[in-house]
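Laboratory data are not the source of any read-out in this text; all were calculated from the coordinates shown. Note that the structure is predicted; figures quoted are calculated from it, not measured. Cβ coordinates were reconstructed from backbone atoms using ideal geometry, including for glycine residues, and neighbour counts include every protein chain displayed.
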Ligand SMILES: Cc1ncc(COP(=O)(O)O)c(C=O)c1O
């Protein structure tokens with residue numbers, strides 16, 4: 001493997017993936033690098049989140065929405081045929097089976113409830129694959145809020161189905177025509193828009209990025225993945241805890257939520273990035289979209305435009321907590337190519353009858369590539385988060401398969 | 001050792017001019033926007049600018065509206081970079097008024113705050129604005145800037161609550177940059193109502209020069225802004241003209257109308 005530091009034995013350290021330090025810091029990363037006009041709005045979100053989280057009424061309302069609307073808990077599915085072929089024991093945490101078809105709904109239901117509690121009437125969101133946009137449009141409809149979703153023009157082309165779904169749900173989809181016309185630019189545009197709309201709108205950030213408290217808050221709303229999986233593994237695995245916990249990483253929310261359930265166990269945590277969007281594996285220190293983290297940059301410090309077949313991984317950086325976990329050696333970050341991801345998607349479809357999202361297929365591609373080798377010895381138990389279903393990618397896959 | 005509380009050259013210059021009763025004018029240009037772009041600086045000075053803001057373009061200008069986004073993209077496509085822009089400044093003719101660089105924090109972190117500030121200093125830049133660096137994150141840069149003799153000006157917004165506003169005014173150097181409205185940079189039809197209230201709140205706590213920026217595009221708006229603040233920053237109105245092909249002479253004429261408006265008030 002290139003560019004990846006060697007394993008350190010995972011230390012079940014107390015405090016890893018707990019509350020961030022003062023000013024939203026994860027080690028040297030994170031913070032609230034927001035324009036002054038957004039600082040007060042971030043503080044209000046932080047205060048509201050802390051109150052809500054301590055309020056049994058809020059927690060109960062969220063648990064009920066997750067169960068009755070989103071369909072949680074999601075199953076842990078043993079991938080029996082593929083496991084036999086690979087020589088490892090692979091279990092899939094089925095976020096693809098949630099309502100709207102990806103883990104994004106977990107975070108959005110939390111933030112939408114929070115926004116309603118704060119008296120906001122509208123949600124603003126950025127989206128890449130459209131999954132976060134669809135989840136935001138869904139939660140807005142459910143709670144009687146408006147939704148404005150910013151989406152890069154290029155993503156609008158390749159994720160047409162989700163654009164239609166958002167509009168069907170009553171959301172306004174705003175095409176973003178600047179820069180690479182993908183997730184990075186949609187995020188910039190959503191932030192610009194929020195500056196002028198803080199009084200009545202909540203910015204519903206879709207991953208563990210952005211200014212404090214977002215990276216922490218989004219991880220906490222996604223923690224349900226890891227907490228459920230931890231319990232399911234305890235019930236179903238002989239060892240109780242898997243040897244490896246694997247998830248794909250765009251900004252890193254499904255991975256952070258999954259890892260949070262296992263940070264204090266001996267499980268090895270692996271985040272899998274797209275070759276062309278590998279912030280954790282190849283980024284350098286920088287500040288973008290409100291936080292200090294690792295970003296792909298050129299020699300002049302300009303952000304490099306990422307390229308991935310998976311629109312949800314087409315982000316040039318990674319959430320600050322992942323940068324910190326990388327430095328600690330608590331998690332490691334690998335990359336796979338577009339071809340490997342497409343191959344993995346097809347293989348899962350044909351061995352298990354599941355068509356995964358291209359994002360999720362990246363995590364699987366790593367498992368397939370490393371199974372039986374030094375990274376993932378034969379006989380290992382692997383928990384992999386299958387972050388979403390592949391329906392949205394059918395038109396992309398049609399051209400390739 | 002530098003006295004880190006002493007204001008630097010930019011602030012001394014602006015205070016001295018302000019104290020003569022003059023309304024301050026700080027036009028903006030995106031560095032590297034066109035071949036020979038430093039001639040805009042000379043034209044700005046000739047039109048009566050009191051300081052000039054030089055943008056170091058960043059790929060993701062999250063607080064800028066369409067005009068300055070486009071200017072940044074154009075400059076980067078021409079091969080502009082911090083290093084080349086600072087080299088152009090070092091080689092160009094001294095416009096005779098202080099230069100204030102503005103950029104996003106990623107470009108400051110790229111070589112580190114100390115190296116960045118030292119490079120500004122070598123290029124003859126005396127001040128710095130970083131719109132995505134709020135006061136509570138500013139320690140490392142404030143120290144490096146002070147050590148290099150660079151005035152780090154902080155931004156205040158209509159949403160900034162009072163105790164924080166006092167901290168911004170206290171820790172800002174050069175001037176306090178009052179963001180006139182809740183929005184991005186870009187021309188507006190009228191001066192926002194929030195501008196008067198914000199400048200009044202800032203002035204209650206400091207006698208540092210206060211410059212109003214964001215949206216100020218016409219002589220009338222400059223005149224009105226002058227009633228509340230010590231002066232104005234004019235960015236998008238300049239850059240829209242530059243993007244439309246206006247040369248240094250055209251910009252000198254445009255800025256002269258703003259100068260005149262400020263002098264009348
Ligand atoms: C199915 C799916 N998985 C993963 C991601 C990547 O996001 P994150 O890294 O925040 O989980 C996305 C983003 O759009 C997605 O739709």
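Computed values, structure above
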read-out: 222 nm mean residue ellipticity, helices alone, for chain A (DSSP H n ≥ 4; -39,500 (n - 2.57); rounded to 500); value: -13000 deg cm²/dmol
read-out: Between 0 and 90°, nearest 10: helix A:358-370 axis offset from chain A longest Cα axis; value: 30
read-out: Of A:308, A:253, A:293, the one that fluctuates the most in a GNM where chain A has Cα springs shorter than 10 Å; value: A:308
read-out: Tensor-based shape of region A:40-158 (alpha-carbon gyration tensor, a/c under 1.5 rounded, otherwise prolate or oblate); value: oblate
read-out: Degrees separating the helix A:183-195 axis from the principal Cα axis of chain A, which is the longest one; value: 30
read-out: Per-residue mean of C-beta atoms belonging to partner chains within 10 Å, peptide A:36-45; value: 6
read-out: Average beta-carbon neighbours from other chains, 10 Å sphere, peptide B:102-111; value: 5
read-out: Cα-based helix-to-principal-axis angle, A:131-143 vs chain A, degrees rounded to 10; value: 50
read-out: Debye-sum result for chain B in log10 I(q)/I(0), which assumes one identical scatterer on each alpha carbon, at q = 0.08, 0.10 Å⁻¹; value: -0.26, -0.42
read-out: Cα-based shape type of region B:15-55, given that a ≥ b ≥ c are square roots of the gyration tensor eigenvalues and the cut on a/c is 1.5; value: prolate
read-out: Fraction of beta bridges assigned by DSSP in chain A that are antiparallel (%, nearest 5); value: 35
read-out: Inter-chain shielding of B:156-169 (mean C-beta neighbours from other protein chains, 10 Å cut-off); value: 3
read-out: Order of A:43, A:284 under a 10 Å beta carbon neighbour criterion, fewest first; value: A:284, A:43
read-out: Overall form of chain A per C-alpha gyration tensor (a/c, 1.5; a/b vs b/c); value: rounded
